[in-house]
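The structure under discussion appears below in the form of structure tokens.
What follows draws every value from the coordinates through simple rules; no lab data is involved. All figures in this text were calculated on a predicted structure; none of them were measured in a lab. Positions of Cβ are backbone-derived with ideal geometry, glycine not excepted, and every protein chain shown enters the neighbour counts.
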Ligand code: IPE
Ligand code: IPE
Ligand code: MG
């Protein structure tokens with residue numbers, strides 16, 4: 001579902017928050033700990049963030065857990081991150097379900113081993129009918145991958161004669177992307193002071209408000225999220241219109 005110009009110019013809270021959880025390695029280094037300790041500590045920050053989103057009745061939270069480029073890291077780190085992911089899914093499944101959270105994993109699953117794929121299916125099935133927060137874990141996700149897989153599926157439809165090339169519109173592409181049934185992110189957050197997107201969501205960030213924090217991910221928590229919300233409420237969302245046009249709408 002694309003953001004559209006009928007939204008109010010100022011919103012109290014975002015419907016969809018997308019976060020690049022960055023800085024685990026630097027957090028560990030500062031404490032003279034191995035990088036892996038930073039990733040472990042990052043899980044706690046995820047729990048705090050999810051908790052605050054549930055309290056605030058946020059509709060969608062997307063967390064960038066592992067990018068399609070993170071396979072380039074040392075083998076030991078990649079294995080540790082995969083194991084951490086499996087364990088977190090195992091340990092948190094029941095708690096997520098009890099909180100009425102719906103969990104979805106977005107990204108290319110074909111590269112995961114069978115055990116991880118099963119674990120993902122289990123948690124997704126368990127929480128599929130939950131109506132509370134939609135928690136999207138972007139794992140082996142890349143914004144470019146997302147657009148590519150959408151284009152491949154559309155091309156297959158054209159090839160089979162199901163649709164004509166003239167049917168390819170912005171809307172059609174959007175409908176073939178991950179989380180096509182959900183609103184686009186309203187608020188993007190990246191921790192650790194880096195000012196880049198690193199191949200996270202691309203298409204659907206077209207009109208997202210961008211918030212960058214110097215806090216390293218393991219130190220992120222509900223109060224830090226509130227700071228991002230405070231920033232968000234000050235933003236006038238114009239979607240290409242003039243300020244006068246959008247304020248007339250309120
Ligand atoms: C983010 O922290 C976690 C993942 C990418 C999985 P980093 O591991 O990138 O931490 P820094 O950027 O090295 O500090
Ligand atoms: C982005 O962080 C990926 C995740 C947080 C999962 P990176 O740490 O991989 O990004 P770069 O390499 O610094 O751009
Ligand atoms: Mg990083």
Which peptide among 127-134, 201-208, 22-29 comes first, and what is the full order, when sorted by highest mean count of other Cβ atoms within 10 Å?
22-29, 201-208, 127-134
Taking the simple approach of a point 7 Å from Cα along Cα-to-Cβ for both residue 245 and residue 33, what is their distance in nm?
5.0 nm
Cα extents of segment 174-219 per principal axis, largest first, Å, are 35, 16, 16
Taking Cα atoms only, Rg over Rh for segment 30-107 with Rh from the Kirkwood formula is 0.99
Stokes-Einstein at 10 °C, 1.306 mPa s, Kirkwood radius from Cα pairs: D for segment 18-62 in µm² s⁻¹?
139 µm²/s
Separation of the residue 180 and residue 157 label points, Cα + 7 Å toward Cβ, nm
0.5 nm
I'm a student and want to see the number: the projected area of the Cα convex hull of segment 194-250, averaged over all directions, in nm².
5.3 nm²
Hey, what's the Cα Rg ratio for the chain versus the globular rule of thumb, 2.2 N^0.38 Å?
1.04
I need two numbers for segment 129-250: Rg to one decimal and Dmax as a whole number, Cα atoms only, in Å.
17.8, 53
With springs connecting C-alpha atoms under 10 Å apart, model the chain as a Gaussian network and identify which of 51, 115, 90 has the largest mean-square fluctuation.
115
Using only Cα atoms, locate the centre of segment 103-136 and the centre of segment 139-196, then give the distance between them in Å, rounded to an integer.
19 Å
Highest-MSF residue in the chain out of 63, 84, 137 [GNM, Cα springs under 10 Å]:
84
Segment 47-184 shape via C-alpha gyration tensor axes, a/c threshold 1.5:
oblate
Rounded to a whole number, what is D in µm²/s for segment 109-149 from Stokes-Einstein with the Kirkwood radius over alpha-carbon pairs (20 °C, 1.002 mPa s)?
180 µm²/s
